[in-house]
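Dumping the structure here so I can ask a few things about it.
What follows is calculated from the coordinates using simple rules that are stated; it is not laboratory data. Fair warning: this is a prediction, and the values are worked out from it, not measured in the lab. Ideal geometry is used to build each Cβ from the backbone, glycine not excepted, and the neighbour counts take in all protein chains shown.
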């Protein structure tokens, strides 16, 4: 049977079909749907959970693997940075049942802080990296990955990119098969990485890599499509599709196993073509290894390591290389785009974070920010965030600026509930231990919102929909040594602003926690909409500056020709924030007449 | 269309139903026995950002992304977005524009304004562009939520896909209890 599936959905299906029994992840675009799909459709056969962060996700998957269950841990590319600590020693211990680390990279940083190329982790950790080039392979390579993992006693990285994860294609689906494994058994030389054991295991890793290289030479994962011999292309992942469309008559060596490379196969391929090119996104990962093996190859010179590739860029590269001539482009390929205003994503109507942004504006502070919906407060007209680096960094940033002691204006940290649990707890503990006097704000909307509304250890629901224990953030912060923990209503600008001012002035560490849920997840919240009385409105623009998508300029103007405001009653949620900032008292509940 | 692949670019604002429309079109292509791939960046549904969905179908589709300037059909759910992506239209391609205007809050900064002459600029660049008031038609039919289906009906005229298959997909993918009204809306759009 055939279905149209995204790479993520297909991978989830693969976990089911190839006997996966355990899946853990922390949400992160473009990987999030993998666990969501497993939890929704395969939960009778595959245990699926949200872990508190990616390090834990990998560690529990390792435990499941040691315990005999085929397991995956899925994350976005920067998530692998969080999981890198277990990964780098896991490669030494090897696995029990098959273990796959799914890395969903984000070339062109559609929703990320960087566009790092996680194939590099394969080389760093000496583990195989499988790279599907479409949804069918995203499913099939799960089976290949589990087999390779068990055959060579190695964790395996299965690497997707945004265009694999979030593109849909036709997939033939199959039945589930399982493999029998026993439970955990004592083997301290394999599992306990004290230096005496780890030294021996490193030797195993080195020898394993040689066996994997031999395997790569023969593996069906790497294929050659012989065609004209003027140009030979080594490629993989989504770049394969772009290259194939750009040069349908070229010979192509398609790498399904991106590491280790089948160097003999590549050398043989190179000897049979006039010019060898590598078409790969981001780093010259294949290219550098091929060049180091003494094979003449061209790549980054024509296909930049900056941003994702597509047919246009590959075509441009081959035109520059003299392989295609300029007529290869459509006459419309270089058409001038029209200048149109930007349309960045904004906080939803009624988002409680908006209230905190206004209060921060009132308090006149620097705000070290973090990763979540509240990061959208960095954009105009709110423009309230000053730093955003990686998960949990906001707290350390405020602490560091405080201790550097050179900044007059007060600095506060802003972090969400899911982010705080992910990697803010340790930061706060460290700051309090090291005698901070700063103010740390947790905007607790009781969900992991930015990635589409997933549960976490603070929401009291598991991924599989069961009720569970929820972390109490107030008690947690107190237990870390913060005496002054306040809860505020972010829909009450005055209360929130006063709390900020008081805690900033206090020469002791403070935590301020907001108490309004996300108004989209887990369920939509709407109160009666508000409206602008244009007879009273002076067109001052204060409500425009809260950046709410329900507020827009009406056709009515004041005497100076400035537009008065209007509120869309179909999208307004009645949060009252705009009414609170209006100096003319022109905004109130929409009357039913 | 190059090498037998039809390229449809659907653009709009998060929340308008661009991705659902591209799902339905892709399903029609799949059921018609064609190879199909689609691609978009998710996450804009409530956040009012730009959504562009690439749908490609034919005998064999390689890249899931439409190459620059090769969109055979552009379906714009919103006026400014239709203008933003107009340069992707292929020679002789069809441009279908829903006249709805969604003004983003960034205009509050005073630094940006919604293009007042968007329709004129569209018509000047693509004289054969079809601008339709899908909300007006939906209101005639009694339900503003029918906008998407009306636009799909209108789009279907520009594509070589069987009406029967379209109606099958509309019926299957319409929200519970709305199959009939969506069928009507589709046919209404197709008749305009």
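Using alpha-carbon positions, what is the distance between the centroids of the range B:1-27 and the range A:372-399, in Å?
A separation of 34 Å, based on Cα centres.
Measure off 7 Å from each Cα along the Cα-to-Cβ vector at residue B:60 and residue A:483, then give the distance between these two points in nanometres to one decimal.
7.4 nm
What whole-number distance in Å separates the alpha-carbon centres of the range B:98-145 and the range A:515-593?
With the range B:98-145 and the range A:515-593 each reduced to a Cα centre, they are spaced 22 Å.
Oh, and also: What residues of the range A:55-69 lie in the reach of a label at residue A:469, counting those whose backbone N is under 19 Å from a point 7 Å from the Cα along Cα→Cβ?
In the range A:55-69, the label zone of residue A:469 (backbone N under 19 Å from the point 7 Å along Cα→Cβ) covers A:56-57, A:60.
With labels modelled as points extended 7 Å from the Cα through the Cβ direction, what inter-label distance (nm, one decimal) is found for residue A:498 paired with residue A:2?
My value for the distance between the label points is 6.6 nm.
How are the C-alpha pair distances of chain A spread across 20 Å bins, as whole percents from the shortest bin up?
The distribution over chain A is 19, 44, 31, 6, 0, given as percents.
If I take the Cα coordinates of the range B:46-99 and project them onto the principal axes, what are the three extents in Å, biggest first?
Principal-axis extents of the range B:46-99 (Cα, largest first): 34, 28, 15 Å.
Let me ask another. Assuming R0 = 41 Å, can you tell me the calculated FRET efficiency for the pair residue A:283 and residue A:461, based on Cβ-Cβ distance, to the nearest 0.05?
0.55
Could you give the length gained by full extension between residue A:306 and residue A:172, i.e. 0.36 nm per residue of separation minus their alpha carbon distance, to one decimal place?
44.8 nm
What is the angle, in °, between the Cα long axis of helix A:237-246 and the longest principal axis of the Cα atoms in chain A? Nearest 10 is fine, range 0 to 90.
80 degrees
Also, I was wondering about something else. For the range A:275-297 and the range A:90-142, write down the distance between their C-alpha centroids in whole Å.
When both Cα centres are located, 20 Å separates them.
Compute the helix-to-body angle for A:352-363: its Cα long axis versus the longest principal axis of chain A, expressed 0 to 90° and rounded to tens.
Compared with the principal axis, the helix lies near 60 degrees.
Now a separate question. From the helices alone, meaning DSSP H stretches of at least four residues, give me the mean residue ellipticity at 222 nm for chain A, per-run term -39500 (n - 2.57), in deg cm²/dmol to the nearest 500.
Values: 20 runs with 209 residues, N = 593.
Using -39500 (n - 2.57) per qualifying helix, the result is -10500 deg cm²/dmol.
Between residue A:43 and residue A:536, how many nm apart are label points set 7 Å from Cα along the C-beta direction?
4.8 nm
A further question follows. Once you order the gyration tensor axes a ≥ b ≥ c over the Cα atoms, which shape class does the range A:530-589 get: rounded for a/c under 1.5, otherwise prolate or oblate by comparing a/b with b/c?
Values: a/c = 1.69, a/b = 1.48, b/c = 1.14.
Prolate, since a/c reaches 1.5 and a/b exceeds b/c.
Grab the beta carbon distance between residue A:590 and residue A:437, set R0 = 51 Å, and tell me the FRET efficiency rounded to 0.05.
0.70
Using only alpha carbon pairs under 8 Å that are at least six residues apart, calculate the relative contact order of chain A and give it in whole percent.
Taking the mean separation of contacting Cα pairs over the length of chain A, I get 10 percent.
Measuring from the lowest to the highest alpha carbon on each principal axis, how far does the range A:223-328 reach, largest first, in angstroms?
Projected onto the principal axes, the Cα atoms of the range A:223-328 cover 36, 29, 21 Å.
Here's something else I'd like to know. When only Cα pairs under 8 Å and 6 or more residues apart are kept, what is the percent relative contact order across the range A:347-475?
Here the relative contact order equals 21 percent.
When only C-alpha pairs under 8 Å and at least 6 residues apart count, what is the relative contact order of the range A:204-265, in percent?
Values: 78 pairs, mean separation 27.3, N = 62.
For the range A:204-265, the relative contact order is 44 percent.
Next question. FRET efficiency for residue A:206 and residue A:556, Cβ-Cβ distance as r, R0 = 60 Å, nearest 0.05?
0.20
Still on this model: Please give the residues of the range A:508-549, grouped as numeric ranges, whose backbone N is less than 11 Å from a label point set 7 Å along the Cα-to-Cβ vector of residue A:568.
A:549
Across bins of 10 angstrom width beginning at 0, how are the C-alpha pair distances of chain B distributed, in whole percent?
It works out to 9, 37, 39, 13, 2, 0, in whole percents.
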